[in-house]
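A.B. asks: After the structure tokens below, expect a handful of questions from me.
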Amino acid sequence: MTTTTGIAPPADARRRRAGRRLPTSFDLVALVVAGVLLVLVCFPLLRVLVRMFYKDGHLTFEAISKTLAVDDLGELLFDTLVVVLGSSVLAVLVGSLLAWANTRTNARLGFLNGVFPYLPFLLPPIAGAVGWTMLLSEKAGLLNAWARDGLGAVGVHLETGPFDINSWYGLIFVYTVYAVPYVYMTVSAAMQGLDGNLEQASRVSGAGAFKTLRRVTLPALAPALGAGFLLSTWFGFGMFSIAQIIGTPAGIDMIPVRIVKLLTFSYPPNEDVAIGLSVIVVLFVGAAYYTQYRILKKSRFAAISGRADQHTVTDLGRWRHLVRSGVLLYVLVTTVLPMVGLFVVSLNGYWTSNIQWTSLNFDAFRVALFEDPKTQEAFVNSMTLGLVGGVAGILVAAIVSLYVAARRANRMVQGMDAAIKLPASISHMVIAVGILLLLAGEPFDLGGTWLILLLGYLALYLPQASIAADAAVATIGKELGEASRVSGGGRWKAFRRIDLPLMLPGLVGGFALLFVRIVGDLTASAILSGTGNVVVGFRILEVFNGGSYATLAALSSALVVVTGVILVVVLWLSKRIGVAKTR
């Protein structure tokens, strides 16, 4: 007769005890926070879709009929698709080349490789659009005027141009500039993880460089290229400020601008057509996502390993300095030049190519920032929202990320985590419209308030905070938390004494990202900001429409300075904290 002792192996026993362990107060708080985030993120989108067919308690197709009856609907869709898809394709091309130069060749730029993804955040889209307008407006653009003077010296006389930012190529160019970082970050990460043995084996077997690129490298990078393209299209469909400032004067009408006009600059607001256009955006984004999913599902890809140090580094020889100069030129043209345009116009006091270099002064800054109560209120509101939203967003994201990391195998938890990141795959314009429909009217009546702006910003930018928190959580080993619990420390104590300090470098970066995006936002601000609760993005739009160019440049320059200082301080703190952790 055989008997069993009933003693399970230690590992199995630990797993069973972990499965039977009652939820702690930390778990309950994490679940409550995650539930609130799910409501904040998913309900606005659901509200838009429901409102499309259900109004005042009745089933209706009024929104559909009104949207289809828009006279220029075909032209509106065509313009939007050309700009968004055209800029996305160019962004994939440029972003991939930059990623290749900085990760797979000996032309890498050292410190700039780590800074490059952050450079566009120094120049929020609204400030960048204004800067490019100052530089390349057909008649008054600074670079155009100086180019005409140079051409005139060799006998070529032009009255306007030679460039015009308010054109198809100008609008697509600026969209591309702001979409490139999305492609760069996804493709560069994939290139660093690509096992160079695959490419080496291909070359040894007799395949040339082009065949290896076509048969091995590009298939391995296809998921990252597809992700970069999708991120670029999502960015394009939700971008309002660039389309308004550069596209509208060119007669190029895009869906984000039309939605804002219908909700903000029409009385009464035309919600039906705005909702119909929002649903069209959702359909286009969904179609792009489904297309990528089907392509990836039917394709076979070379493997990407986890050993990043084995990827092939191409020795460019004498071309090394040319490629490096090209990367530096790209940074100069896309980031530095618009900043220069903003600062020159603001310091000169008015927009003209005849700059009085000896008479530059800060009068425009003084008038815009210190003598205009409305602008002061806008900056105070934006700074406060940025600080509160940044701290609150990154802290709740950290709590939820820790909870999800501890239960990664649970499908319900995986679904919850995916739902929180949902706005990253939906146009920000659609989410902002959903927030307005959900909270502006009864029973909440939050329209035009500080709170609806805060909730809108959190709904839009929580995916970025969640991703930053996930990366920070990934740096923490489970052994430290288990040791704390074994020694009698509670979960909250472990969070305060162990998790939070170790996650701090990553969380600081996540806070900076949230702060900069909130302060420079115009998409949500244009829809949710009221006349009694102005923020910087909406104030810049008001000044732009009023035609006060020196004030416009001063406000945009001030925004660039604020975001730049915050990013520099945060990067310095993150580096200091990281050094301290290694001691």
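Each reported figure results from applying straightforward, stated rules to the coordinates on display, with no laboratory input. Quick caveat, the model's predicted, so the values are computed rather than measured. Because the Cβ atoms are built from the backbone with ideal geometry, glycine has one as well, and the counts that use them run over all protein chains shown.
A.B. asks: For segment 335-399, report the convex hull volume of the alpha-carbon atoms normalised per residue, in Å³, without decimals. Please report the intermediate quantities before stating the final value.
C.D. replies: Values: hull volume 7.1 nm³, N = 65.
Per residue, the Cα convex hull of segment 335-399 comes to 110 Å³.
A.B. asks: Taking a temperature of 10 °C and a viscosity of 1.306 mPa s, what whole-number D in µm²/s does Stokes-Einstein yield for segment 521-563 with Rh from Kirkwood over alpha carbon pairs? Kindly include the intermediate steps, with their values, before the conclusion.
C.D. replies: Numbers: Rh = 10.6 Å.
For these conditions, the coefficient is 149 µm²/s.
A.B. asks: Same structure again: Which peptide among 144-150, 398-404, 89-95 comes first, and what is the full order, when sorted by highest mean count of other Cβ atoms within 10 Å?
C.D. replies: Working: 144-150: 15.7, 398-404: 24.1, 89-95: 20.6.
The most tightly packed comes first, giving 398-404, 89-95, 144-150.
A.B. asks: To the nearest 0.05, what FRET efficiency results for A392 and L332 with a Förster distance of 35 Å applied to their C-beta separation? All intermediate terms of the calculation are to be shown ahead of the outcome.
C.D. replies: On the way: r = 37 Å, r/R0 = 1.05.
E(calc), rounded to 0.05, equals 0.40.
A.B. asks: Which FRET efficiency value, to the nearest 0.05, is calculated for R320 and Q376 with the Förster distance at 51 angstrom and r the Cβ-Cβ distance? Could you put the intermediate results ahead of the total?
C.D. replies: Numbers: r = 50 Å, r/R0 = 0.98.
Using R0 = 51 Å, I get an efficiency of 0.55.
A.B. asks: Between segment 493-558 and segment 149-182, what is the C-alpha centre distance in whole Å?
C.D. replies: A separation of 29 Å, based on Cα centres.
A.B. asks: By per-residue mean of other Cβ atoms within 10 Å, what is the highest-first order of 553-559, 244-250?
C.D. replies: Details: 553-559: 27.1, 244-250: 21.6.
Per-residue mean Cβ counts within 10 Å order the peptides as 553-559, 244-250.
A.B. asks: Given H placed on each backbone N at 1.01 Å, which residues far from T105 in sequence or on other chains put an amide H within less than 5 Å of it?
C.D. replies: Sorted by chain and number, the residues that satisfy this are T314.
A.B. asks: While we're here: Seen from all sides and averaged, what is the projected area of the convex hull of the Cα atoms in segment 36-158, in nm²? Don't skip to the end; give the middle numbers.
C.D. replies: Values: hull surface 61.1 nm².
Mean shadow area of the hull around the Cα atoms is 15.3 nm².
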